[in-house]
Amino acid sequence: MKALPPPPSTLPVLTQQLSMPLDTPQMRGLSDPERSVVVAVLATLLMAAAGVATKETSDDGQ
């Protein structure tokens, strides 16, 4: 019986991680509604960067 060949070696996957400080003095000074808007815009930006399609809404929220 023949021995199995060793598994092919794989190259290490290089990953990059984005670090975003979200608890800055500027963010701490926002009201809850303002902070919600900022978080939603950041989420949309990150999804766009990842290539995820997002549903666009009008500026008046309708």
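Of note:
- Selection status of residue 16, assigned to a loop (DSSP other than H, G, I, E, B) and either at pLDDT below 70 or aromatic (Phe, Trp, Tyr) (or both): no
- Filter result for residue 23 (at pLDDT below 85 and of a type in the set (D, E, K, R)): yes
- Hits in the range 28-51 (condition: surrounded by 10 or more Cβ atoms within 10 Å (Cβ to Cβ) and either β-branched (Val, Ile, Thr) or modelled with pLDDT under 85 (or both)): 37, 38, 39, 41, 44
The values are calculated or read from the model by the stated rules, or taken from the named source; none is laboratory data. Predicted, not measured: the structure shown is a model, and the values here were computed from it. Note that we place each Cβ from the backbone using ideal geometry, even for glycine, and neighbour counts take in every protein chain shown.
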